[in-house]
1. In the range 469-501, which residue that is touching a strand residue (DSSP E or B) at 6+ places or on another chain (Cβ under 9 Å) and either of a type in the set (Asp, Glu) or farther than 20 Å from residue 212 by Cβ (or both) is modelled with the highest pLDDT?
2. Of the residues 194, 248, 210, 240, which is within 12 Å of the ligand (Cβ to nearest atom) and surrounded by 17 or more Cβ atoms within 10 Å (Cβ to Cβ)?
3. Can you name the condition, by its number, that residue 130 falls short on among (1) surrounded by fewer than 24 Cβ atoms within 10 Å (Cβ to Cβ); (2) at pLDDT below 95; (3) more than 8 Å from the ligand (Cβ to nearest atom); (4) of a type in the set (A, V, I, L, M, F, W, C)?
4. Starting from residues that are more than 12 Å from the ligand (Cβ to nearest atom) and of a type in the set (Ser, Thr, Tyr), keep the ones in the range 135-151 and report whichever is nearest to residue 269 (Cα to Cα).
5. Scan the range 215-225 for residues that are within 9 Å of the ligand (Cβ to nearest atom) and within 23 Å of residue 122 (Cβ to Cβ) and report the count.
6. Quick one: what pairs do we get from the range 270-284, first residue in contact (Cβ under 8 Å) with a residue 60 or more places away in the chain, second open to solvent by 40 Å² or more (accessible area, probe 1.4 Å) and in a loop (DSSP other than H, G, I, E, B), C-beta under 6 Å, 6+ apart or different chains?
7. Here is a list of conditions, (1) touching a Lys or Arg at 6+ places or on another chain (Cβ under 7 Å); (2) more than 28 Å from residue 292 (Cβ to Cβ), and residue 245 meets all of them except one; can you say which number that is?
8. Restricting to the range 152-185, name every residue that is within 8 Å of the ligand (Cβ to nearest atom), modelled with pLDDT of 95 or more and under 10 Å from residue 413 (Cβ atoms).
Amino acid sequence: MEPAVSLAVCALLFLLWVRVKGLEFVLIHQRWVFVCLFLLPLSLIFDIYYSVRAWVVFKLSSAPRLHEQRVRDIQKQVREWKEQGSKTFMCTGRPGWLTVSLRVGKYKKTHKNIMINLMDILEVDTKKQIVRVEPLVSMGQVTALLTSIGWTLPVLPELDDLTVGGLIMGTGIESSSHKYGLFQHICTAYELVLADGSFVRCTPSENSDLFYAVPWSCGTLGFLVAAEIRIIPAKKYVKLRFEPVRGLEAICEKFTHESQQPENHFVEGLLYSLDEAVIMTGVMTDEAEPSKLNSIGNYYKPWFFKHVENYLKTNREGLEYIPLRHYYHRHTRSIFWELQDIIPFGNNPIFRYLFGWMVPPKISLLKLTQGETLRKLYEQHHVVQDMLVPMKCLRQALLTFHNDIHVYPIWLCPFILPSQPGLVHPKGDEAELYVDIGAYGEPRVKHFEARSCMRQLEKFVRSVHGFQMLYADCYMNREEFWEMFDGSLYHKLRKQLGCQDAFPEVYDKICKAARH
Ligand SMILES: Cc1cc2nc3c(=O)[nH]c(=O)nc-3n(C[C@H](O)[C@H](O)[C@H](O)COP(=O)(O)OP(=O)(O)OC[C@H]3O[C@@H](n4cnc5c(N)ncnc54)[C@H](O)[C@@H]3O)c2cc1C
């Protein structure tokens, strides 16, 4: 048979199958069909377009020139909103489906959308060790440029599509955060357009209240139009040590110990059950033993969390040299372990070699095409949560996660939380070591009920002076929310800057009722 005829027959059979089963059935129960046939190629086109655009803009140096004009346009939109009587709250005009967070904010439909078309790297100053960027610059864009010129961000959150604006206004973390803190802690200045349309720059010494209040405020104090972020020299590889550890006590002890060692540039733990984990520690280096080089980011390579699990299964320690950029985006191809639920055979070598170069599908496109039924199913049978708790409570926290949701693998990422003003800081006056516990997947507890199980978990997190990342489903009521987060500086500034009529309160923006 001619290839074209076979293709047509296959397409016909496929359409017939969809017709018999019903489109909704196929979209929900066999999502991989839709993802592999449509979303993967579409995601590739998206990626190519954005990478080429970012490269051209930076090479032509047109961004700094256009930046001021674009900021003036944002100011103009805010002033027009004011002149028209400030009838509704404002929010950024970026469509909800484009963000990494799995939710699509309901408020986008009712609030005044301010269009913020700021997606360029403005300047790299290697003398001052600062990069100045616009808020829609993504982590993929940053690593592509900075690592090619020998620099990097001290904290480089993992997924390619995370944006600077989202990481500052929300949260950003990486396996170097035990040294450098959260993404906000490597920022040295923010530039914002406020509720009255004025422009302001804030740093730890200039408009410092605003500087400390911005992180985690989710765009409810003003619009971020640029940020200055520290950079450090990059090396070619990460020398990564893998150590399987068994027994909850031993895991917590080892992980805490490694997080306290200043010579470890990177520390990460993957917990595969309550008492089985692989702890990874890494340092940057320019030299690599060729036999131990592992370009883990290549499309045909196994998914990172599966590769790590092998060390546990075979019960052996390991040492590998991973190219820096591959290390940074090690969980990108499998979206941590989320992709295994969508493409169950995605880590199969045949699939990787044939189609791996198109993976992962863009989270934004997955969200755009998931439909209401699938969204509700996800909400009831799927957990995506990051809880930040003091390291000293790690054991207790892992037991609570195990009993309340039972999701594995669990991501463990240590970070130092400085004692600074703002929504998130330790209880005492000194910096404290915390850990981000990330649970992504299907809960395995009997009779999982999203609301009650998550409320139980949130209660525990509050009780140990921990914090919930605000991108996730939050089931707390207002009182509980302000028990978790310190609102003193935030509320003072909202009053002072006229935000109360311009932006919703952060709780109203992220709480469950506001989000779909
Ligand atoms: C599957 C998944 C994987 C994740 N992986 C990681 C990870 O590896 N590391 C990590 O640190 N985090 C991770 N996160 C969490 C992530 O950090 C947050 O979801 C982050 O806030 C989302 O970034 P975004 O670029 O999509 O921002 P958005 O969702 O677009 O923005 C977050 C908030 O900031 C506000 N905002 C954004 N830009 C502006 C602006 N210019 N002015 C005013 N307000 C603004 C938005 O209104 C919104 O309230 C993950 C989340 C998910 C769902």
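1. 476
2. Residue meeting the stated conditions: 194.
3. (2)
4. Residue satisfying both the conditions and the ranking: 143.
5. Here the count works out to 7.
6. Once the first residue is in contact (Cβ under 8 Å) with a residue 60 or more places away in the chain and sits in the range 270-284, its partners that are open to solvent by 40 Å² or more (accessible area, probe 1.4 Å) and in a loop (DSSP other than H, G, I, E, B) give 272/408; 273/408.
7. Status for residue 245: all satisfied but (2).
8. Within the range 152-185, 173, 174 qualify.
The values are calculated or read from the model by the stated rules, or taken from the named source; none is laboratory data. In this text, all values refer to a predicted model and were calculated from it rather than measured experimentally. Every residue, glycine among them, receives a Cβ derived from its backbone with ideal geometry; neighbour counts consider all protein chains shown. Ligands, DNA and RNA are excluded from the accessible area calculation, which covers all protein heavy atoms including side chains. Shrake-Rupley method; radii C 1.70, N 1.55, O 1.52, S 1.80 Å.
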